[in-house]
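Enquirer: Okay, here's the structure, questions in a sec.
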Amino acid sequence: MRGTRQLRAAMHPSNTAELAVEALQRELGDDLYSCCLYGSAVREGSEDEKGDINLLIVLRNSDVKTQSGVARAIARNPRIDPFVLGLAGFERSVRAFAAKFASIRRNYRVLHGADPLAGIEITPELERFLCEQALRNLRLRLAHSFITRERHGNYGSFLARSVTALVLRVSEVVRLSGGTYANGMEERIPAIAQHLGLEASTLVDLLALKAAPRKLGEEEAVQWHGRTFQLLNTVIAWIEANWPAAHRVE
């Protein structure tokens, strides 16, 4: 029993992350400016022993040498999902990935070095602009994959791979409009559907497709695309009606 408890403790996300930081320090030395744990592993009561462990790794110099060091440090732990950036231009990277960094900042802990997010401001206007941009881009790519499906034959795979991004971006619309939702992907659907006027069944079915992706026949592809494209149209129409047009982002 004691051995089982020790093994479970070693597998806990916080312990795994700390071991990864030690390996990063050995490999990188002073080139490791900062390392933060973020996401579900930081949320209170989270003890997921199977999910990814998200690390924001900021390097003083991000080049082939230091990136190779990161690769060696995490090579033996496939659970580590690294988000690696260089210190040079870091604030501009935050602006370019404002939605991601806003999400990181809600649940993160500094494990090594300076707090890279201290003093960095992410305005709601910038978040809304980038969220709308991401949704419009997803709609464009979805249409392109559907139109060219006879060439590549993998529209179903593309759709399944896009589900997580779609649900996260739609969730961001709700959050940036003052709404709230549960943490779990399935659990948040009722709140999202009510807030934006969506068909909850489409989101439920998309998550099921993501969990068990398959090759779609022609009729299925048409049906799936119609439902998903309509969902995106509804979200974007809601944005157009409720968010001011961003002619310029400061």
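Enquirer: Taking the structure as given and computing Kirkwood radius over Cα pairs in Å, which label from [x] 18.5; [y] 20.9; [z] 20.3 fits?
Expert: Computing Kirkwood radius over Cα pairs in Å and matching it to [x] 18.5; [y] 20.9; [z] 20.3 gives [z].
Enquirer: Calculate the FRET efficiency for SER40 and ARG214 from the Cβ-Cβ distance with a Förster distance of 30 Å, rounded to the nearest 0.05.
Expert: For SER40 and ARG214, the calculated efficiency is 0.65.
Enquirer: Could you check the spin-label model distance between ARG227 and GLN133? Points 7 Å from the Cα along Cα→Cβ, value in nm.
Expert: Each label point lies 7 Å from its Cα, and together they span 3.2 nm.
Enquirer: So, one more: Would you mind checking the tilt of helix 218-242 against the longest principal axis of the Cα atoms of the chain, expressed as 0 to 90 degrees and rounded to 10?
Expert: 80
Enquirer: Let me ask you something else. Sum up the charges of everything whose Cβ sits under 12 Å from the Cβ of ARG149, counting Lys and Arg as +1 and Asp and Glu as -1, but leave ARG149 out.
Expert: Around ARG149, the surrounding residues sum to -1.
Enquirer: Rounded, prolate or oblate: pick one for segment 124-242, where a ≥ b ≥ c are the square roots of the eigenvalues of its C-alpha gyration tensor, a/c under 1.5 means rounded, and failing that, prolate if a/b is larger than b/c, else oblate.
Expert: Verdict is prolate for segment 124-242.
Enquirer: Could you check the spin-label model distance between LYS65 and GLU18? Points 7 Å from the Cα along Cα→Cβ, value in nm.
Expert: Distance between the two pseudo-spin positions: 3.1 nm.
Enquirer: Full extension from GLU125 to ARG105: what is 0.36 nm times the residue separation minus their Cα-Cα distance, to one decimal in nm?
Expert: Result: 5.5 nm gained on full extension.
Enquirer: Enumerate the calculated ³J(HN,Hα) couplings along segment 170-180 in order (Karplus 6.51 cos²θ - 1.76 cosθ + 1.60, θ = phi - 60°), each rounded to whole Hz, writing x wherever the residue is Gly or Pro.
Expert: 5, 4, 4, 4, 5, 4, 6, 10, x, x, 10
Enquirer: Rounded to the nearest 10 degrees, what's the angle between the helix 64-74 long axis and the longest principal axis of the chain, both from Cα atoms, 0 to 90?
Expert: Here the helix axis deviates by roughly 90 degrees.
Enquirer: Right, here's the next one. How much length is gained on full extension from GLN194 to HIS144, taking 0.36 nm per residue of separation minus their Cα-Cα distance?
Expert: Gain in length upon complete extension: 15.1 nm.
Enquirer: When we measure straight from the Cα of LYS65, which aspartates and glutamates land under 17 angstrom away, once same-chain ones fewer than 8 places off are left out?
Expert: Excluding near neighbours in sequence, the set is GLU27, ASP30, ASP31.
Enquirer: Once the Cα atoms of helix 124-147 and of the chain are each reduced to a long axis, what angle between those two axes, in degrees from 0 to 90 to the nearest 10, is obtained?
Expert: Between the helix axis and the principal axis of the chain, the angle is about 60 degrees.
Every number in this text was worked out from the coordinates using simple rules, so none of it is lab data. For clarity, every value in this text was computed on a predicted model and none was experimentally measured. Glycine also receives a Cβ, built like all others from the backbone with ideal geometry; neighbour counts cover every protein chain displayed.
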